[in-house]
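Before any comments, here is the structure.
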Amino acid sequence: MIRTFFILAAGLSIALMSGAPVNAQSRFDAFPSASRYIAQSNGIRSRSEVVQEVKDRYNAKVLRIQLNKDRSVYKVRVLMPNGKVRDLSIRASR
């Protein structure tokens, strides 16, 4: 767990020092293998899986995604094709 944290922290530091603009989507995909490993070890779906599901189902742009404290639901804020912002709750378990 600590090793994973340090790997993520090092990667985030490199990304921030690069000076490249970061949008919401690139933040989700910055460390897909690490986030996938963490999600699989806890029996929950990764953020990238949930983001892809939301894109496919709603044809919407994901603005924010957050796993709730009890790790059972992802709270996802999306921009719908009609320009409205919606908050969705997506089941985190596989």
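Counting only residues 5 or more places away or on other chains, whose amide H sits under 5 Å from the amide H of LEU88 once H atoms are built in the peptide plane?
Answer set, sorted by chain and number: VAL76, ARG77, VAL78.
Can you report the principal axis dimensions of the range 40-81 using only the alpha carbons, biggest first, rounded to whole angstrom?
Taking max minus min along each principal axis of the Cα atoms, the range 40-81 gives 33, 17, 11 Å.
Can you compute 3J(HN,Hα) from phi for each residue in the range 44-59, using the Karplus curve 6.51 cos²θ - 1.76 cosθ + 1.60 with θ = phi - 60°, rounded to whole Hz and x for Gly and Pro?
10, 6, 6, 4, 5, 5, 5, 4, 5, 4, 5, 4, 5, 6, 10, 6
What does the charge count near ARG91 come to, summing +1 for each Lys or Arg and -1 for each Asp or Glu among other residues with Cβ under 13 Å from its Cβ?
That works out to +2.
Rule-based calculations on the coordinates, nothing more; no lab input. The structure presented is a predicted model; accordingly, all values stated were derived computationally and were not measured. Virtual Cβ from ideal backbone geometry, glycine too; neighbours counted across all protein chains shown.
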